[in-house]
Number of protein chains: 2
Amino acid sequence: MASKIFDMFSLSEENYLKAIFHLENSLKSGVSTNALAEEMQTKASSVTDMVKRLSDKDLVNYKKYQGVKLSQAGREAAIEVIRKHRLWEVFLVEKLNFNWDEVHEVAEQLEHIKSEKLTNELDKFLDFPERDPHGDPIPDAQGNFHISNRVLLSNLGVGETGICIGVKDSSAEFLQYLDKHDISLGKKIVVIEKEDFDKSMLIKLDDQELRISSQISANLYIKTL
Amino acid sequence: MASKIFDMFSLSEENYLKAIFHLENSLKSGVSTNALAEEMQTKASSVTDMVKRLSDKDLVNYKKYQGVKLSQAGREAAIEVIRKHRLWEVFLVEKLNFNWDEVHEVAEQLEHIKSEKLTNELDKFLDFPERDPHGDPIPDAQGNFHISNRVLLSNLGVGETGICIGVKDSSAEFLQYLDKHDISLGKKIVVIEKEDFDKSMLIKLDDQELRISSQISANLYIKTL
DNA sequence: AAATAAATTTAGGCTTACCTAAAAAATTGA
DNA sequence: TCAATTTTTTAGGTAAGCCTAAATTTATTT
């Protein structure tokens with residue numbers, strides 16, 4: 001990871017880098033101006049503006065009409081922000097009694113605090129967590145993600161069993177649904193039945209059975225046993 | 001304390017409010033444009049600019065050529081920022097192994113994080129500390145300072161004894177001087193000798209005797225026994 | 001009470017990060 | 001293929017928060 005001498009990037013630049021990182025990962029391709037505008041909740045012309053600035057700083061590779069890709073430096077910066085975001089989420093949930101659906105907004109602010117010592121001491125204080133409260137992996141100080149083979153619950157077949165290790169959708173609404181039905185990270189899930197027509201599932205969770213729609217099963221990450 | 005609906009103030013506005021608060025307290029009067037410019041490390045014309053904006057929002061009372069005073073709302077906002085700053089300093093020192101001369105810069109960033117829940121949970125997590133690592137009082141959630149009668153060491157007479165409870169100058173240089181000579185909050189200090197000429201003092205600290213200049217004694221707060 | 005000096009404000013500019021509207025390029029599809 | 005549509009960029013504007021230089025007000029001195 002390149003050294004950070006001063007406050008290197010503005011809050012807005014960091015948010016763009018993070019957004020590009022997420023889009024590259026989910027789209028598995030370069031990121032279009034419109035996609036970025038959608039992600040950033042802003043206008044395409046604002047994106048073009050910012051993307052040019054990021055390009056001037058060599059944080060992204062940009063060619064007119066062809067979208068952006070992160071450069072190595074840009075990717076490192078994005079990962080650093082994501083690392084901080086996820087560490088703060090762990091802190092909020094584990095130390096300050098936040099619920100997993102309450103942490104995002106505050107972590108969005110905390111992720112921009114600039115202090116290498118702070119980040120690394122926080123990491124140590126939290127005992128080097130590997131995942132945030134939604135099950136997303138936390139990059140280490142070198143920017144390496146601890147990757148594990150996870151699948152979506154919707155991909156399991158009848159009779160298969162797994163442990164819930166994360167969520168794809170981490171909106172407050174979805175997280176509250178999970179809370180209400182007692183689904184949390186670490187829970188064992190057995191697929192009892194699968195409906196062909198609408199892809200809904202009957203699952204076993206502790207001792208109860210629960211019927212869930214495909215929207216639920218397609219947003220729960222599972223580690224198979 | 002008035003309710004905070006959204007992100008009420010910008011980072012810059014908060015810094016100005018904080019600076020005005022500190023200057024009002026030390027000057028015990030209204031704050032001049034130049035004094036504010038000096039405190040904010042900026043130009044007088046920039047101060048006039050900002051002071052007008054703060055005045056439009058009724059955070060300060062401002063009349064041309066006559067300096068500013070905080071309004072009630074402005075004072076509350078300033079105190080809230082100071083509360084957060086000092087709570088974060090305690091967190092950094094007590095939980096993350098920061099030294100008391102390293103916390104300021106990071107706390108300057110953390111003090112602007114907006115989340116009432118975060119602030120209050122942090123307060124609880126730290127067990128409602130009354131003072132920050134430099135001995136400055138931490139306002140409670142209602143904005144009340146816990147005030148105690150403290151004096152500067154330079155005001156003690158020969159033979160008098162007190163407990164070190166804070167520093168007036170909290171620059172890294174001064175704090176490092178104190179570390180080097182083993183002076184820390186809570187230490188008992190006895191004044192053995194006082195030099196009329198240069199106001200230097202011979203003090204007893206644990207079992208050692210130490211000669212300190214008036215620049216030191218005029219920057220150490222003492223609670224007399 | 002002028003004259004000078006100091007403090008403060010105004011005027012005009014700059015950068016960042018956003019916006020709308022219009023132009024240009026790329027894509028789609030008849 | 002070429003016209004219509006969509007995507008992207010350009011042009012020009014705005015607000016916050018800073019700047020310098022010039023003007024104005026207040027304070028100080030003689």
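The values are calculated or read from the model by the stated rules, or taken from the named source; none is laboratory data. Only a predicted model underlies this, so the values are computations on that prediction, with no experimental measurement involved. Ideal geometry is used to build each Cβ from the backbone, glycine not excepted, and the neighbour counts take in all protein chains shown.
Scanning region A:183-203 for residues that are more than 24 Å from A:S148 (Cα to Cα) and either free of Cβ contacts under 8 Å to residues at least 24 places away in the same chain or of a type in the set (D, E, K, R) (or both) yields a total of 9. Condition check for A:N34 on (1) within 12 Å of DNA strand D (Cβ to nearest atom); (2) part of a loop (DSSP other than H, G, I, E, B); (3) modelled with pLDDT of 95 or more: one failure, at (2). Restricting A:S200, A:S217, A:S170 to those that are under 16 Å from A:L92 (Cα atoms), of a type in the set (G, A, S) and surrounded by 15 or more Cβ atoms within 10 Å (Cβ to Cβ) reduces the list to A:S170. B:T42 falls short on exactly one of the conditions (1) within 11 Å of DNA strand D (Cβ to nearest atom); (2) part of a helix (DSSP H, G or I), and that condition is (2). Per the listing B:V68, B:V103, B:V51, the residue uniquely more than 16 Å from B:M8 (Cα to Cα), of a type outside the set (D, E, K, R), touching a residue at least 24 places away in the same chain (Cβ under 8 Å) and out of contact with any helix residue (DSSP H, G or I) (no Cβ under 6 Å at 6 or more places or on another chain) is B:V51. Selection of region B:13-27 for residues being at pLDDT 95 or above and of a type outside the set (S, T, N, Q) yields B:E13, B:E14, B:Y16, B:L17, B:K18, B:A19, B:I20, B:F21, B:H22, B:L23, B:E24.
Outside any loop (DSSP other than H, G, I, E, B) and at pLDDT below 95 - does that describe any residue in region B:70-85? No: region B:70-85 contains no residue that is outside any loop (DSSP other than H, G, I, E, B) and at pLDDT below 95. Just one of the numbered conditions (1) over 26 Å from A:E105 (Cβ atoms); (2) of a type in the set (K, R); (3) within 14 Å of chain A (Cβ to nearest Cβ) is not true of B:K69: (3). Scanning region A:135-164 for residues that are without any contact (Cβ under 8 Å) to a residue 60 or more places away in the chain and buried (at least 18 other Cβ atoms within 10 Å of the Cβ), we see that the one that is farthest from A:A218 (Cα to Cα) is A:I138. Take B:W88 and decide whether it is touching a residue at least 40 places away in the same chain (Cβ under 8 Å), of a type in the set (F, W, Y) and surrounded by 22 or more Cβ atoms within 10 Å (Cβ to Cβ). Against the criterion (touching a residue at least 40 places away in the same chain (Cβ under 8 Å), of a type in the set (F, W, Y) and surrounded by 22 or more Cβ atoms within 10 Å (Cβ to Cβ)), B:W88 does not qualify. From B:F98, B:F125, grab the single residue that is crowded, with 20+ Cβ neighbours inside 10 Å and either touching a Lys or Arg at 6+ places or on another chain (Cβ under 8 Å) or at pLDDT 95 or above (or both). Testing whether each residue is crowded, with 20+ Cβ neighbours inside 10 Å and either touching a Lys or Arg at 6+ places or on another chain (Cβ under 8 Å) or at pLDDT 95 or above (or both) leaves just B:F98.
If you scan region A:71-81, which residues turn out to be in contact with a helix residue (DSSP H, G or I) (Cβ under 6 Å, 6 or more places away or on another chain) and of a type in the set (A, V, I, L, M, F, W, C)? If the condition is that a residue be in contact with a helix residue (DSSP H, G or I) (Cβ under 6 Å, 6 or more places away or on another chain) and of a type in the set (A, V, I, L, M, F, W, C), then A:A77, A:A78, A:V81 are the ones that fit.
Please count how many residues of region A:9-50 are hydroxyl-bearing (S, T, Y), within 17 Å of the chain's Cα centre (by Cα) and within 11 Å of DNA strand C (Cβ to nearest atom). Of the residues in that region, 1 qualify. The sole residue among A:E94, A:E105, A:E160, A:E111 that is under 26 Å from B:V93 (Cα atoms), in contact with a Ser or Thr (Cβ under 8 Å, 6 or more places away or on another chain) and either away from every other protein chain (no Cβ under 14 Å) or among the charged types (D, E, K, R) (or both) is A:E105.
In this structure, is A:K124 touching a His at 6+ places or on another chain (Cβ under 9 Å) and within 14 Å of another protein chain (Cβ to nearest Cβ)? Considered against the rule, which asks whether it is touching a His at 6+ places or on another chain (Cβ under 9 Å) and within 14 Å of another protein chain (Cβ to nearest Cβ), A:K124 comes out as no. Of all the residues in region A:51-62, those that are within 11 Å of DNA strand C (Cβ to nearest atom) and either at pLDDT below 95 or assigned to a helix (DSSP H, G or I) (or both) number 5. When B:F145 is tested against (1) under 19 Å from B:I165 (Cα atoms); (2) within 14 Å of chain A (Cβ to nearest Cβ); (3) of a type in the set (A, V, I, L, M, F, W, C), only condition (2) is not met.
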